[in-house]
Amino acid sequence: MEMDGVEEATTQQMEPSAHAAAAGGDLLSGLCDDVLAHILGLAEYARDAVHTGVLSRRWRGLWRRAPALRFASWQQQGGSAEGFIALVDDTLSSPHGRSSDGGLDQLVIEFDVYDRACRNQQLLLPSIAAAERWIGYAVRHGVKSFHFELSLPDDEDEDDYKDDDDDEVHEENSNEETPVLALNELPSSAKLEAMHLKLGDAWVRLPATVVFSSLTDLTLESIMVAGDNVLLLLGRLVSSACCPSLQKLRMCHITTRPRQQNLLVEAGVLTELVLDGMFGMRSIELRTPNLRVLCIRYCHDLESFAVSVPRLLEEFTCQQNPLLIINQDFPCVSSLKLDLYSHGHANVGDRSNHVNINLLQRCGSVSCLALDLHISTVASFDVDIIKGRIPELGHVRSLKARVGPAMTSSGPHSVGNCVASLLTLFNNLMCLHLYFGYRNKDI
């Protein structure tokens, strides 16, 4: 009898779908709400998921159970920045929206004010205010993965912000004319696992006491750090005091004004760190006992850095850091990427060569080497300034070299001589990849 009841119930549950299939009708309506919500979470944009409410009474409001919502201002053809702000606000503040223990796993918001406002500076204040609301929403409502990109109208004078003589004046003027994105009152979150904040070179006030206990992946990009003790606050934000579970950290185009001294990063479980375009910082100290992957690029003000346990480092990228002085050996680095200036003006390329040749000598176990080899386009600079300065690299088994970016005036054969001279340093290569970034077909 029990089996008959189960079969009868199953038959009754399947009958609507069977009838729909026979009639060529709606098969999705036969799925449970959880499955439908998962499907809505795959929608490219949140607006598409919301619009499914017009299909039937059952679909109305079902998008609120979707595990992912994505918003992109450029997707709104013909829409305004104000309209996009209203769309996101209305969607996130729905009266039947999620509570703090809801199931929203992923929230993505891409807000390009520049394209939509055509350099309308009047949109700065509402855009900054919207950014504060949306970041706060993600933290307060238990979002697990939050990706936010903000592109603000360009400041016509912004090109001067890296001038040494105008540091304090520019900061004062910028804070007077440009609103500050205040994140200093962000609440803590035990659910946030990944966060990417790209803030369009906005002035940002960082939090001092927040804790993200579950955060494992953090990217901070295009940020002008405002306020006092900025490196202290930035260091805390990316250290174990704030993010005890942090494993991957990327900081790109971060600017501090006026120029600061030391950034201290204390992250006990951090394994991967990328520093790409850190402006205004003279030294960085890494107390990261589990660090395995390190990338330092375009840190033009950086003069020194130190790693607490350099013997554990396995992958190292060092490019365009002309002032950097390295006083540590990295005996376990097996993969190394750097750039060299084979031909060029000694005052331009030799400083970078000094940094990177020194690093090459301090990484005695490199088996995979990637080089960006720069050659001058000016005939008068056609002098090899690295010949004889690099020791033989018999421990390297794999070499990837990008040669460029432009043809020297002395013709393609000087390029060939340069590469041939470089290859004599490697007598145990098993894998060689050469890329010539030239337009001349004779190469």
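The values are calculated or read from the model by the stated rules, or taken from the named source; none is laboratory data. Quick caveat: nothing in here was measured; it's all calculated off a predicted structure. In this analysis, Cβ positions are derived from the backbone assuming ideal geometry, glycine residues included, and neighbour counts consider all displayed protein chains. Ligands, DNA and RNA are stripped out before the accessible areas are found, and what is left, the full protein with its side chains, is counted by its heavy atoms. Shrake-Rupley method; radii C 1.70, N 1.55, O 1.52, S 1.80 Å.
Working ranking of peptides 86-92, 248-254 by packing, defined as the average number of other Cβ atoms within 10 Å per residue, highest first, is 248-254, 86-92. Of K144/K248; K191/K337; K144/K337, which pairs sit farther than 26 Å apart, going by alpha carbon to alpha carbon? Flagged as over cut-off: K191/K337; K144/K337.
The Kirkwood radius of the stretch 196-289, taken over pairs of alpha-carbon atoms, gives through the Stokes-Einstein law at 10 °C and 1.306 mPa s a diffusion coefficient of 122 µm² s⁻¹. With Cβ to Cβ distances under 11 Å as the rule, what net charge do the other residues near E266 carry (K, R +1; D, E -1)? Neighbour charge sum, excluding E266 itself: +1. With semi-axes defined as the square roots of five times the eigenvalues of the C-alpha gyration tensor, the equivalent ellipsoid of the stretch 243-356 measures 23, 18, 11 Å, largest first. Taking all protein chains into account, the per residue accessible area for the stretch 169-326 stands at 37 Å² (1.4 Å probe).
Split the accessible area of the stretch 191-315 by element, probe 1.4 Å, and carbon with sulfur accounts for 47%.
Residues whose amide H lies under 5 Å from that of R257, counting only those 5 or more places away or on a different chain, are V225; hydrogens are built 1.01 Å from N in the peptide plane.
If the chain between E285 and Q361 were fully stretched, how many nm would it gain, using 0.36 nm times the residue separation less the Cα-Cα distance?
Stretched fully, the E285-Q361 segment lengthens by 25.2 nm.
Listed values for the stretch 242-255 are Karplus-derived 3J(HN,Hα) couplings in whole Hz (6.51 cos²θ - 1.76 cosθ + 1.60, θ = phi - 60°), namely 9, 10, x, 9, 5, 10, 10, 9, 10, 10, 10, 6, 9, 10, and x replaces Gly and Pro. Working ranking of peptides 306-319, 126-139 by packing, defined as the average number of other Cβ atoms within 10 Å per residue, highest first, is 126-139, 306-319.
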